[in-house]
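The values are calculated or read from the model by the stated rules, or taken from the named source; none is laboratory data. All of these numbers come straight from a predicted model, not from anything done at the bench. Counting neighbours? That spans all protein chains shown, and the Cβs are built from the backbone with ideal geometry, glycine included.
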Amino acid sequence: MLSRVLVITLNTYREAVRARLLLGVFAFALATCAYAMVVASLSLHNEVRVVADLGAAALSLYGVLIAIVLGSTSLYRELEHKTVFPILSRPIRRWEYLVGKYLGTMLTVTVFVAADAAAVLATLAIEAGQTTSKVFAPIGVMLVLLGVALAAARHRRIFVMIPWSIVLAAVVWTVASPALEDRQLVVAGALLSICEVAIVAAVATLFASFSSPFLTATFTVMVFVIGRSSDTLAHLPKKMFGETFARGFAAIAKVVPNLHVYVPARPLLLGQVADQAVWRYVGMAAIHALFYATALLVAGALVFRKRDFS
């Protein structure tokens, strides 16, 4: 079972990378880092904070964008090109195929978040006063190692980026040591972004199991917006909106995953909240994401199992 799911996962990742989606979004991510440096230069002794906040926000935004696009189109592309038929004719269950597509999306987003986090941390290190040589020398070494690995792995070049991006993020994390607290904010924000993407990708997978790409993307964006606003919807003033609307929105807020959990206040991520440890909060958020993602995938597998491809 695991081997079959792994094959689908890696194949989904390969297709996503070949579609150049990651390169396009990563170009926007680098442009965001450059923009953050420009905005930081206009601030008054808050350069590090500006870069950290904009970088963490960009990690979440671009990660969700990739999850929505891949979750909406990956499965439909297989159905449109009719490549799903020879796959499902083999000894593989439909739910294994669906879970493999979901994990492939998550693997793609994880690689992107790791690479983008490395770019944000490098920018953060420069703004924190780290010397340029100490920032770009390790990155240069990592790029050389990437070139060597790509040359050696001729038939598996695409998969080289998976471990390399994670190691790159870890290396740049050590370089950004002058910005200790804001470095923690970026890393915690990156992990929370992956947790949020886990739910968004599961929502997209559920809708993709029975709907078209356009409707899947639309429904997923709606769930994302409602999830980010769930705290507000749960406490709408009855005098302004009426008791019926207030109760209705409160009921919706209880059903839709509360995605506001994954964008906590800055003091919490900096470890300045006395009764709430940062990594304990991230761990609880990961459990929250695992619960909703599992429930959504089970629902999607049940729907996809009964889908008629004729």
Go through the residues of the stretch 109-118 one by one and say whether even a single one is farther than 22 Å from Leu65 by Cβ, crowded, with 20+ Cβ neighbours inside 10 Å and within 24 Å of the chain's Cα centre (by Cα). no
Could you list, in sequence order, the residues of the stretch 263-310 that are among the hydroxyl-bearing types (Ser, Thr, Tyr), closer than 27 Å to Tyr76 by Cβ and either modelled with pLDDT of 85 or more or crowded, with 19+ Cβ neighbours inside 10 Å (or both)? Tyr292, Thr294
Taking the stretch 263-280 and keeping residues in contact (Cβ under 8 Å) with a residue 24 or more places away in the chain and part of a helix (DSSP H, G or I) leaves Arg266, Leu269, Val278, Trp279
Given the criteria farther than 30 Å from Pro86 by Cβ and over 16 Å from the mean Cα position of the chain (by Cα), does Ala286 qualify? no
Looking at the stretch 37-44, can you tell me whether even one residue there is outside any helix (DSSP H, G or I), modelled with pLDDT under 85 and touching a helix residue (DSSP H, G or I) at 6+ places or on another chain (Cβ under 9 Å)? yes
If you check Glu47 against the conditions, is it out of contact with any strand residue (DSSP E or B) (no Cβ under 8 Å at 6 or more places or on another chain) and over 21 Å from Ala217 (Cβ atoms)? yes
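Being under 30 Å from Gly300 (Cβ atoms), over 23 Å from the mean Cα position of the chain (by Cα) and part of a helix (DSSP H, G or I) narrows it down to one residue among Leu70, Leu150, Leu59, Leu79; which is it?
Residue meeting the stated conditions: Leu79.
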All-but-one check, Asn258 against (1) buried (at least 22 other Cβ atoms within 10 Å of the Cβ); (2) under 18 Å from the mean Cα position of the chain (by Cα); (3) of a type in the set (S, T, N, Q), failing number (1)
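When you go through Leu180, Leu192, Leu185 one by one, which is the residue that is crowded, with 21+ Cβ neighbours inside 10 Å and out of contact with any Leu (no Cβ under 8 Å at 6 or more places or on another chain)?
Leu192
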Run down Leu107, Leu98, Leu121 and say which single residue is assigned to a helix (DSSP H, G or I), of a type outside the set (Phe, Trp, Tyr) and out of contact with any Ser or Thr (no Cβ under 8 Å at 6 or more places or on another chain). Leu121
Determine if the stretch 181-195 includes at least one residue that is closer than 18 Å to Gly100 by Cβ and part of a helix (DSSP H, G or I). no
The conditions are (1) assigned to a helix (DSSP H, G or I); (2) more than 17 Å from Val64 (Cα to Cα); (3) modelled with pLDDT under 90, and His260 fails exactly one of them. Which is it? (2)
Could you please let me know if Pro86 is part of a helix (DSSP H, G or I) and either farther than 30 Å from Ala125 by Cβ or modelled with pLDDT under 90 (or both)? yes
Within the stretch 1-33, restricting attention to residues that are free of Cβ contacts under 8 Å to residues at least 40 places away in the same chain and among the small types (Gly, Ala, Ser), which residue is farthest from Val160 (Cα to Cα)? Ala31
Matching residues, the stretch 89-108, being modelled with pLDDT under 85 and of a type in the set (Ser, Thr, Tyr): Ser89
Flag for Arg90 being among the basic types (Lys, Arg) and either touching a residue at least 12 places away in the same chain (Cβ under 8 Å) or farther than 23 Å from Ser193 by Cβ (or both): yes
Failed item, numbered, when Val111 is tested on (1) more than 20 Å from Leu268 (Cα to Cα); (2) modelled with pLDDT under 90: (2)
